[in-house]
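**Student:** Before we start, here is the structure in question, set down as structure tokens.
Readers should treat all values here as calculations from the given coordinates under stated rules, not as data from a laboratory. The model shown is predicted, which means the values in this text are computed figures rather than measured ones. Cβ coordinates were reconstructed from backbone atoms using ideal geometry, including for glycine residues, and neighbour counts include every protein chain displayed.
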Amino acid sequence: MAYQNLLIDLKARVLYITINRESKLNALNKVTLAELHAAIVEAFANERVGGIIITGAGSKAFVAGADIAEFINLDINSARELSHEAHTKVFDLIENGNKPVIAAVNGFALGGGLELAMACHIRIASDNVKMGLPEVTLGLIPGYGGTQRLTRLIGRGKALEMIMTADMITAAEAHQLGLINHIVSQDDLLTKAEEILQKILSRAPLAIAAAITAVNASSRDGVNGFEIETDEFSKCFGTEDFKEGVAAFLEKRKADFKGK
Ligand code: COA
């Protein structure tokens, strides 16, 4: 499928999704959000895709936020609809996916860009990143999950400081806060993301999906994460991958997982 604002490439079971609006610093307009939804739904359903790396075109920005130009005509109701749709169709979709999604963050990751990176399971950043949630400078607050995911990732005090000051932070600061997993040079960004993703893809796919579900349960209101863990743990025992993993261990060979 051809997209207007995304570049898609599938190599070695990794689907690369590059947000490709470089002249607007890859800002997320409605078309881009709809295309992200379509690309991710297709990737999660496609057996040839093991995991996803999301990055931004060019070296200047991952994503510089939601497209501010599209905000001008929104009112209370249409803003609610936009936020709700974005949550369910893109950000929650990624977070709750059955396959690992890594953000390879290059340059500015602001507003919706940082929110997109935070919805991913792992964040690798190049040393030139600038991250922030500058919405209050526009008279807004983050609307694509930023108030929740930033708080979960770095804690309430630091999240409120970043959101209320609208300050951008460097790669080193983001790393120190636990907002990003690794910092690498721009040249090494995709290589590092690929290295981590390929390691994950060598593990049992249903166990990876179960791990995502169980870990995500820790931040879902009204659910007992320990019970979800018990459910997911026990379900693993019914998989062929479990039999293969244990057999391979006992036979001192590398497991050949089929995702069944
Ligand atoms: N929405 C729409 N367009 C955006 C954008 C956004 N979030 N961020 C950047 N752009 C556009 C600019 O309008 C400009 O377009 P133009 O060349 O047609 O005028 C182009 O991308 C380049 O941006 P520019 O501001 O000229 O680059 P810069 O290097 O001077 O500054 C930033 C970079 C990231 C500091 C600045 O673009 C910025 O503050 N962007 C908005 C960040 C933001 O508030 N995001 C949260 C949105 S809720």
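**Student:** Please pick out the residue among Asp241, Asp188 that is touching a strand residue (DSSP E or B) at 6+ places or on another chain (Cβ under 9 Å) and either on the phi < 0 side of the Ramachandran plot or buried (at least 18 other Cβ atoms within 10 Å of the Cβ) (or both).
**Tutor:** Asp188
**Student:** Something else: Restricting attention to the range 123-156, and to residues there that are of a type in the set (Gly, Ala, Ser) and free of Cβ contacts under 8 Å to residues at least 24 places away in the same chain, which single residue is surrounded by the most Cβ atoms within 10 Å (Cβ to Cβ)?
**Tutor:** First pass over the range 123-156, keeping only residues of a type in the set (Gly, Ala, Ser): 125-126, 132, 139, 143, 145-146, 155.
Within this subset, residues satisfying the condition of being free of Cβ contacts under 8 Å to residues at least 24 places away in the same chain are 139, 155.
Numbers: Gly139: 7, Gly155: 13.
Top of the filtered list is Gly155.
**Student:** Is it the case, given these coordinates, that Phe249 is among the aromatic types (Phe, Trp, Tyr) and assigned to a helix (DSSP H, G or I)?
**Tutor:** Working: among the aromatic types (Phe, Trp, Tyr): yes; assigned to a helix (DSSP H, G or I): yes.
So Phe249 passes the test.
**Student:** Report yes if some residue within the range 34-45 is acidic (Asp, Glu), more than 16 Å from the ligand (Cβ to nearest atom), assigned to a helix (DSSP H, G or I) and buried (at least 19 other Cβ atoms within 10 Å of the Cβ); otherwise report no. Outline the logic, then answer.
**Tutor:** Restricting attention to the range 34-45, the residues satisfying the condition of being acidic (Asp, Glu) are 35, 42.
With more than 16 Å from the ligand (Cβ to nearest atom) added as a condition, the list becomes 35, 42.
Of the ones still in play, those that are also assigned to a helix (DSSP H, G or I) are 35, 42.
Next, only the ones that are buried (at least 19 other Cβ atoms within 10 Å of the Cβ) stay: 35.
Yes: one or more hits.
**Student:** Among the listed residues Val90, Val31, identify the single one that is of a type outside the set (S, T, N, Q), assigned to a helix (DSSP H, G or I), touching a residue at least 12 places away in the same chain (Cβ under 8 Å) and in contact with a His (Cβ under 8 Å, 6 or more places away or on another chain).
**Tutor:** Working: Val31 fails: in contact with a His (Cβ under 8 Å, 6 or more places away or on another chain).
Testing whether each residue is of a type outside the set (S, T, N, Q), assigned to a helix (DSSP H, G or I), touching a residue at least 12 places away in the same chain (Cβ under 8 Å) and in contact with a His (Cβ under 8 Å, 6 or more places away or on another chain) leaves just Val90.
**Student:** If you don't mind, there's one more thing I want to ask. Test of understanding: among Ala69, Ala103, which residue is among the aliphatic types (A, V, I, L, M), surrounded by fewer than 15 Cβ atoms within 10 Å (Cβ to Cβ) and touching a helix residue (DSSP H, G or I) at 6+ places or on another chain (Cβ under 9 Å)? Working first, answer last.
**Tutor:** Details: Ala103 fails: surrounded by fewer than 15 Cβ atoms within 10 Å (Cβ to Cβ).
Within the list Ala69, Ala103, the selection yields Ala69.
**Student:** Criterion first (of a type in the set (Asp, Glu) and either farther than 22 Å from Thr213 by Cα or free of Cβ contacts under 8 Å to residues at least 60 places away in the same chain (or both)) does Glu95 satisfy it?
**Tutor:** Working: of a type in the set (Asp, Glu): yes; either farther than 22 Å from Thr213 by Cα or free of Cβ contacts under 8 Å to residues at least 60 places away in the same chain (or both): no.
Criteria not met by Glu95.
**Student:** Can you tell me which of Gly259, Gly222 is part of a loop (DSSP other than H, G, I, E, B) and in contact with a Pro (Cβ under 8 Å, 6 or more places away or on another chain)? Spell out how you get there, then give the answer.
**Tutor:** Details: Gly222 fails: in contact with a Pro (Cβ under 8 Å, 6 or more places away or on another chain).
After applying the criteria, what remains is Gly259.
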